[in-house]
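The values are calculated or read from the model by the stated rules, or taken from the named source; none is laboratory data. Quick caveat, the model's predicted, so the values are computed rather than measured. Cβ atoms come from the backbone with ideal geometry, glycine included; neighbour counts cover every protein chain shown.
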Amino acid sequence: MRKGRRYRRKIINRTAMIVVLICTVSLVVVGAMGAVHEMDRVIAKESVPAQSKTENKICSSEKSESIASSKGSVEQKENHKKKPPENSTPAKNNSSPPKTNSKPQKVSSDNYFDDAVFIGDSRTEGLRNYDGLGNATYYAAKGLMVNTALTKPVVNLNGKKVTITDALKQKKFNKVYIMLGLNELGWSSFQTFINDYGKLIDEVKKCEPQSKIYVQSILPVSKEKSQSNKTYTNRNINRYNEELVKLAQKKDVIYLEVNKAVSDSEGNLPKDASNDGIHLNSVYCQKWCEYLKVHK
Amino acid sequence: MKRFFINILALAMIFTVAGCANKTVANIDTDAVADKLASEIKFADQMSNIEDKTVLKLYGLDENSVKKVNAYESTGATAEEIAIFEAKDEESAKTVKAAAEQRINDQRAGFEDYQPKEMEKLKSPVLKTSGKYVFLCVSDDNSTANKVIDSFIK
């Protein structure tokens, strides 16, 4: 009897030890897997090299698009033009040269553009992204034109979208830079463009009577872009710019030849300046900035 | 013998607890994520790194919500974009995510008439959060974007 009990006890003890052993091994394996997984994650993170924030990633692709093929731009062009024929009002004939920038002198203060606002289209949006213009303000939107600059709510102010003129009424600036005209190259009425631009300048003056207003020339497009279509050509751009010079003179504002900052010797946007021949990359936006810093 | 096995069991339990204890989101290198996305995805446009303060302005955020950010923008010809945020905390990450959603909506409004072909990229861009991190990538290669981001999250 005693031997039977001892034997049973022995069996129970052995069984218990085997169960404990299995549990122990399982726990060890689970713990090891968790630790290995953690180590893998740490190793994976450390193996990705950090790269400089200033590195410029340039990716070429067969998928690049141009705004000349954009349905949107074409629709805007067509929607706008039911206007009467060009007015015959002659441009003001003034023998004195147009008011351009005075003696170039690089701005010495980093804060020079803190009280400046830049009004424009997608190119000005690009300038905003790559600017070296301190705390400048940007009232820019894709596809913006001289007429929609007065009517389209594109500025986000206090959580609400307002028009540029409404925004100007709420915040004061001492310098107003305008660049528009690229999206209007296809307008059937060139004079309408000039008239609307003039209206925009008048509205800006009303909102910001003490500010200096700068009309920036329209930047060129690439040679390839210029040769690939009849609308977005450098010939058209130059024609528009010639009239902008006269307009600036008439309105007594400053004309800035920013196109010279980014043009090649033939007056085209260089090939390496843009992916689509229109929108400037960071390097050329910086050239644009440098021009603005020098010409004030 | 019994005491030996009890000791082994105790050690095993300690080991298990240590191995499984760390379930919190580990620190993620926002620069590494952004750079890897920029290098692994074939963007149609030229992408450039932009200054932190410019990103914050673009998204309507400030340093109260964002500890760190790394972003790449296109030239404006496309809607392509990368923005990787480290928010102050998980609560701030919700603010950052909302700002990213607003950014996407603004881009949709901008490109709808301007470049309708870009709407495809803006239809369902990659927008994820993990703890205090928010990841945004607008491209036409969501699959690669997801893989890259997931490799940092897991």
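Given the conditions (1) buried (at least 22 other Cβ atoms within 10 Å of the Cβ); (2) within 14 Å of the chain's Cα centre (by Cα), and given that residue B:27 satisfies all but one, which numbered condition is not satisfied?
For residue B:27, the failing item is (1).
Quick check on segment A:147-165: of everything there that is at the interface with chain B (Cβ under 10 Å from one of its Cβ atoms) and part of a loop (DSSP other than H, G, I, E, B), which residue is farthest from the chain's Cα centre (by Cα)?
By that ranking, first place goes to A:159.
I want to confirm something. Restricting to segment B:57-80 and keeping residues that are within 9 Å of another protein chain (Cβ to nearest Cβ) and assigned to a loop (DSSP other than H, G, I, E, B), which single residue is surrounded by the fewest Cβ atoms within 10 Å (Cβ to Cβ)?
Here the answer is B:60.
For segment A:132-160, what are the residues that are under 18 Å from residue A:198 (Cα atoms) and of a type in the set (Val, Ile, Thr)?
A:146, A:148, A:151
When the residues of segment A:272-296 are filtered to those that are in a helix (DSSP H, G or I) and hydrophobic (A, V, I, L, M, F, W, C), which remaining residue is modelled with the lowest pLDDT?
The selected residue is A:294.
Spot the failing condition for residue A:172; the list is (1) within 15 Å of residue A:215 (Cβ to Cβ); (2) away from chain B (no Cβ under 14 Å); (3) not aliphatic (A, V, I, L, M), and only one is missed.
Condition (1) is where residue A:172 drops out.
Are there any pairs with C-beta distances below 6 angstrom linking a residue in segment B:141-154 that is within 11 Å of chain A (Cβ to nearest Cβ) and β-branched (Val, Ile, Thr) to a residue that is in a helix (DSSP H, G or I) and crowded, with 16+ Cβ neighbours inside 10 Å, with the two at least 6 apart or on different chains, and if so which?
Every condition considered, the pairs that remain are B:148/B:36; B:148/B:37.
Filter segment B:133-144 for residues that are in contact with a strand residue (DSSP E or B) (Cβ under 6 Å, 6 or more places away or on another chain) and surrounded by fewer than 23 Cβ atoms within 10 Å (Cβ to Cβ) and give the result.
If the condition is that a residue be in contact with a strand residue (DSSP E or B) (Cβ under 6 Å, 6 or more places away or on another chain) and surrounded by fewer than 23 Cβ atoms within 10 Å (Cβ to Cβ), then B:142 is the only one that fits.
Answer with yes or no whether residue A:256 is of a type in the set (A, V, I, L, M), in contact with a Gly (Cβ under 7 Å, 6 or more places away or on another chain) and modelled with pLDDT of 95 or more.
So residue A:256 fails the test.
Being buried (at least 22 other Cβ atoms within 10 Å of the Cβ), in contact (Cβ under 8 Å) with a residue 12 or more places away in the chain and part of a loop (DSSP other than H, G, I, E, B) narrows it down to one of A:144, A:168, A:127, so name that one.
A:144
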